[in-house]
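Scroll down for the structure; my scribbles are underneath it.
The values are calculated or read from the model by the stated rules, or taken from the named source; none is laboratory data. Source: prediction; values computed, not measured. Virtual Cβ from ideal backbone geometry, glycine too; neighbours counted across all protein chains shown.
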Amino acid sequence: MRPRDLSPEEFRKYGYEVVDWIARYLDQTGEYPVAPRVQPGELVDALPASAPAEGEPMERILEDFDKLVVPAVNHWNHPRFHGYFSVSASGAGILGEMLAAALNVNGMLWKSCPAAVELEQVVMSWLRQWLGLPEEFFGIVHDTASTSTLHAIGAARAMADEGLREEGAAPGLVLYTSEHAHSSVEKGALALGLGRRNVRKIGVDGEYRMRPELLAAAIAADRAEGRRPFCVVSTVGTTSVTSVDPVAAVQEIAEGEGLWHHIDGAYGGVAAMLEENRWMLKGAERADSLVVNPHKWLFTPIDFSAFYCRRPDVLRKAYSLVPPYLASQENPRAVNLMDYRIPLGSRFRALKLWFVMRSFGYEKFCAVIRDHIAWAKELADVVAAHPLFEVAAPVPMSLVCFRLKAGDEASKALLEKVNESGEAFLSGNVLDARYVLRIAIGNLGTQREDVFRSWAAVRTLAEQG
Ligand SMILES: Cc1ncc(COP(=O)(O)O)c(C=O)c1O
């Protein structure tokens, strides 16, 4: 009995209503305009400036959700949402998320909730096997890839700087990554006080992959000037074009030079689960750390970032600090997650991935991802054959970058028109100093006909001029 909460009867009544809403929404997301037709500030203005002094009935809250909140939603679950990296929440993942919210445990220590800690170890081990990584990779869940990469760079620094823990950082550390790396790498370096001047953006080849010989040369130049190279971050599936850095060649250099090698596979790491794509993570088995985001292309509700580290001892060295109130019995099987990260507490994220992995199974995951990649390649061929358009980059995964031959302004205007139409949602980028449109295919609800319906909207609007 929880006298100050919803009664069991009320919870059941509104719970069923919410589940009905979700079931209908997932079935009919494709009928909404993808992007909302709202102006900035519209929702803020529609809601009271202060919270109510007295509680309100659930009917009114649900009514306002429908009437005010939903119209301001950009529907990432929509089958024609192709912006950024297209992600979606599966039904199984939503159910897991609901139960995690109900249990509301905190997985900071083994004893604070054994189920959260041990299920996290189980799903991280399952995913590690799907990715083809060896057993020595320790897995821990973070909210986002940005947090995972921050932890990787922090661990690399702890390894490079013996005195870091007691004395603080010594100057001269240099981090290397490609000019197409995600901004989270540079942000991680910023947050750790390394300074942007000490982040080297290594040049890429014609297919936007880091050039190992330029990496080696940059390291040599820094050493010659007395600086201390300590970490390299390669990317499997860059944000701009999903290019795949030569992981094995980077790993060789990292080993030879004593650098920590972190791999950012936030989106693309998942593609390497397919037999035909195993080459993408070749060499990763010897790397120091890697991040993959199930909340991007593994149909797990946001947020869930899987961080793997082959040197958990270094994570502990970097992040473990145990105040007396958190001290617990030493037992090698009782993992205390707080020892391996900056946050103390964490949600029961493992539950939703456990639901998703069990409900899909490896074969179905691979089938969906394989379809997305095949449709992207097919779309790229169709775009390339159209006289008004050109494809801007190779398509190794499920992202097609293209532009109007008429130039940047025309391409930008086209993107606006497509998004305003509500028929599809795309995002833009600048590649080689030219504006490009991106169609990302990664949504569980997307079928081949959705991809070509989105393309029809783009093509028709372009042809109308
Ligand atoms: C390659 C890559 N790394 C990192 C990130 C950052 O992801 P998160 O939002 O989980 O921090 C992204 C986001 O799209 C990405 O594409």
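Can Val270 be described as within 16 Å of the ligand (Cβ to nearest atom) and part of a helix (DSSP H, G or I)? Quick ask: steps written out before the conclusion?
Numbers: within 16 Å of the ligand (Cβ to nearest atom): yes; part of a helix (DSSP H, G or I): yes.
Against the criterion (within 16 Å of the ligand (Cβ to nearest atom) and part of a helix (DSSP H, G or I)), Val270 qualifies.
Residues checked against (1) at positive phi; (2) modelled with pLDDT of 95 or more; (3) surrounded by fewer than 19 Cβ atoms within 10 Å (Cβ to Cβ); (4) out of contact with any Leu (no Cβ under 8 Å at 6 or more places or on another chain):
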position	(1), (2), (3), (4)
Lys111	no, no, yes, yes
Val117	no, yes, no, no
Met124	no, yes, no, yes
Gln129	no, yes, yes, yes
Ile140	no, yes, no, no
Ala152	no, yes, no, yes
Glu162	no, no, yes, yes
His182	no, yes, no, yes
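How many residues does region 119-140 contain that are free of Cβ contacts under 8 Å to residues at least 40 places away in the same chain and in a helix (DSSP H, G or I)?
2
What are the pairs, 6+ residues apart or on separate chains, where a residue within region 89-109 that is closer than 12 Å to Ile22 by Cα has its Cβ under 8 Å from a residue that is surrounded by 15 or more Cβ atoms within 10 Å (Cβ to Cβ) and among the acidic types (Asp, Glu)?
Ala89/Glu97
Please verify whether region 126-145 includes one or more residues that are of a type in the set (Asp, Glu) and within 24 Å of Thr242 (Cβ to Cβ).
yes
Restricting attention to region 134-191, which residues are within 9 Å of the ligand (Cβ to nearest atom), of a type outside the set (Gly, Ala, Ser) and closer than 23 Å to Arg349 by Cα?
Matches in region 134-191: His142, Asp143, Thr144, Thr147, Thr149.
If you check Phe299 against the conditions, is it touching a residue at least 12 places away in the same chain (Cβ under 8 Å) and under 30 Å from Gln464 (Cα atoms)?
On the way: touching a residue at least 12 places away in the same chain (Cβ under 8 Å): yes; under 30 Å from Gln464 (Cα atoms): no.
No, not satisfied.
Of Asp264, Asp288, which residue is within 15 Å of the chain's Cα centre (by Cα), of a type in the set (Asp, Glu) and crowded, with 18+ Cβ neighbours inside 10 Å?
After ruling out the rest, the residue left standing is Asp264.
What are the residues in region 24-69 that are among the hydrophobic types (A, V, I, L, M, F, W, C) and touching a residue at least 24 places away in the same chain (Cβ under 8 Å), if any?
Leu26, Val34, Ala35, Val38, Leu43, Met58, Leu62, Leu68, Val69
Please state which of the following conditions Glu420 fails to meet, knowing it meets all the rest: (1) without any contact (Cβ under 8 Å) to a residue 40 or more places away in the chain; (2) of a type in the set (D, E, K, R); (3) out of contact with any strand residue (DSSP E or B) (no Cβ under 8 Å at 6 or more places or on another chain).
(1)
Evaluate region 178-192: report whether one residue or more is assigned by TED's automatic domain parsing to the domain that holds Arg228 and more than 23 Å from the chain's Cα centre (by Cα).
No, the conditions are met nowhere in region 178-192.
Looking only at strands (runs of 3 or more DSSP E) that fall completely inside region 366-465, which ones have 2 or more residues that are under 20 Å from the mean Cα position of the chain (by Cα)?
Here the list reads 399-404, 427-431, 434-440.
Residues in region 281-310 that are within 13 Å of the ligand (Cβ to nearest atom) and assigned to a helix (DSSP H, G or I): how many?
Looking only at that region, the number is 4.
Give just the number: which of (1) touching a Ser or Thr at 6+ places or on another chain (Cβ under 8 Å); (2) outside any loop (DSSP other than H, G, I, E, B); (3) of a type in the set (Ser, Thr, Tyr) does Ser86 not satisfy?
All conditions pass for Ser86, except number (2).
Kindly provide the set of residues from region 313-356 that are more than 21 Å from Ala158 (Cα to Cα) and in a helix (DSSP H, G or I), ordered by number.
Pro324, Tyr325, Leu326, Ala350, Leu351, Lys352, Leu353, Trp354, Phe355, Val356
Restricting to region 211-243, name every residue that is more than 17 Å from Ala158 (Cα to Cα), within 11 Å of the ligand (Cβ to nearest atom) and outside any loop (DSSP other than H, G, I, E, B).
Ser234, Thr235, Val236
Consider His82 against the criteria (1) away from the ligand (no atom under 16 Å from the Cβ); (2) surrounded by 11 or more Cβ atoms within 10 Å (Cβ to Cβ): it satisfies all of them except one. Which criterion is unmet?
(1)
Determine which member of the set Glu276, Glu363 is assigned to a helix (DSSP H, G or I), in the same structural domain as Gly132 (by TED's automatic domain parsing) and at pLDDT 95 or above.
So the residue among Glu276, Glu363 that is assigned to a helix (DSSP H, G or I), in the same structural domain as Gly132 (by TED's automatic domain parsing) and at pLDDT 95 or above is Glu276.
Only residues that are over 25 Å from Val395 (Cα atoms), out of contact with any helix residue (DSSP H, G or I) (no Cβ under 7 Å at 6 or more places or on another chain) and either part of a loop (DSSP other than H, G, I, E, B) or in contact (Cβ under 8 Å) with a residue 60 or more places away in the chain (or both): list them for region 186-210, please.
Gly193, Leu194, Gly195
If I ask for residues that are more than 31 Å from the chain's Cα centre (by Cα) and of a type outside the set (A, V, I, L, M, F, W, C), which ones from region 214-232 would you list?
Selection gives Asp222, Arg223, Glu225, Gly226, Arg227.
With among the charged types (D, E, K, R), without any contact (Cβ under 8 Å) to a residue 40 or more places away in the chain and closer than 29 Å to His295 by Cα as the only criterion, which of Asp381, Asp450 stands out?
Exactly one residue qualifies, and that residue is Asp381.
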